[in-house]
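Read through the structure below, which is laid out as structure tokens, and then see the notes.
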Amino acid sequence: MSQGIRFILFATLAFAVMNAMAKELSNFHPLQVVFFRAMGTWIFIFPYMLVNRVSIKGTHIKPLLARGILGVLSLACFFVAVQRIPLGSAISIRYLGPIFGAFLAYYYLKEKVNLMQWLSFAIAFSGVILLKGFDIRIDFLSLGLLMISAIFVGGVFVLIRYLSDKEHYLTIINYFMMSSLVLSLCFIEYWRMPLNYEWFAVCGIGTTGLIGQIYMTRAFLTEETSVLAPFKYMELIYAMIMGYFIFGESYELIPMLGIILIMGGMLSNVWAKEKVKTV
């Protein structure tokens, strides 16, 4: 197992915890939750960047801004949906992102994606369709928001890969955090003050988001998009466990089969990619 894969497995665990905390904050405006997530990360990385003289502005402004804005829009759409439907279902649909990421990486970065990989993506996509068709808790608004979020995730994957040898990974993260703070403040009139135990989730969502963001970015600095992207689906396992024990969420047989197809399709993609390397 490569270092990049280990990084992304750890990142997905951190993101699963972050998403569980976002669901716990369902009484807050989604963009206020985005602000909590960004601020809890930014207050750590920005001073570190100043002390270590890491570039704040960077040199590739347009792709850095695009990565930041796409990240904010993707997260906002996801937080709206995760407050409406089960945690595992929301994550599974959103992480169609690797399919869009692989396509964009093929078109813009000229990364090769073989036939077996595309078949693997088709299996995963059929799993999402099966999950939607048999889980009545998933409404069309949530599905639409998650599909939009997934497209933006694919764009983020490609932009990070493009910037990987051009910018410091903290510069890439900082643009996402700054974009989140600025855009979230546009909706400050809908905010409210956290109460009691809510402060734990407010603080935790930023810390776990920071850990996940750093390790995800480091992962994409060391490995190709088409190899790493499927491992984002490991978050499904973590999310389903948390959803069951924290939110009392469970799944019937056919929706569970859909999730298994998603996992199988994404993992078979890695095997197909590795097989090509050894030929």
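Residue-by-condition table, conditions (1) part of a helix (DSSP H, G or I); (2) surrounded by 19 or more Cβ atoms within 10 Å (Cβ to Cβ); (3) touching a strand residue (DSSP E or B) at 6+ places or on another chain (Cβ under 8 Å); (4) modelled with pLDDT under 90:
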| site | (1), (2), (3), (4) |
| --- | --- |
| Thr208 | yes, yes, no, no |
| Lys232 | yes, yes, no, yes |
| Glu235 | yes, yes, no, yes |
| Tyr251 | no, yes, no, yes |
| Val276 | yes, no, no, yes |
Residue list for the stretch 155-186, restricted to those being surrounded by 14 or more Cβ atoms within 10 Å (Cβ to Cβ), at pLDDT below 90 and assigned to a loop (DSSP other than H, G, I, E, B): Ser164
Residues of the stretch 78-96 classified as assigned to a helix (DSSP H, G or I) and crowded, with 23+ Cβ neighbours inside 10 Å, total: 12
The one condition in (1) surrounded by 21 or more Cβ atoms within 10 Å (Cβ to Cβ); (2) touching a Leu at 6+ places or on another chain (Cβ under 7 Å); (3) not aliphatic (A, V, I, L, M) that Thr12 fails to fulfil: (2)
Top-ranked residue of the stretch 38-77 - restricted to ones that are of a type in the set (Lys, Arg) and not in a helix (DSSP H, G or I), ranked as modelled with the highest pLDDT: Arg53
So Glu189, is it of a type in the set (D, E, K, R), in a helix (DSSP H, G or I) and closer than 18 Å to Leu13 by Cβ: no
Test for Leu50: is it in contact with a helix residue (DSSP H, G or I) (Cβ under 8 Å, 6 or more places away or on another chain), without any contact (Cβ under 8 Å) to a residue 60 or more places away in the chain and of a type in the set (A, V, I, L, M): no
Test: residue in the stretch 115-137 that is among the acidic types (Asp, Glu) and under 19 Å from Met240 (Cβ atoms): yes
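The values are calculated or read from the model by the stated rules, or taken from the named source; none is laboratory data. None of these values were measured; they are calculated from a predicted model. All Cβ positions, glycine included, derive from the backbone under ideal geometry; neighbour counts span all protein chains shown.
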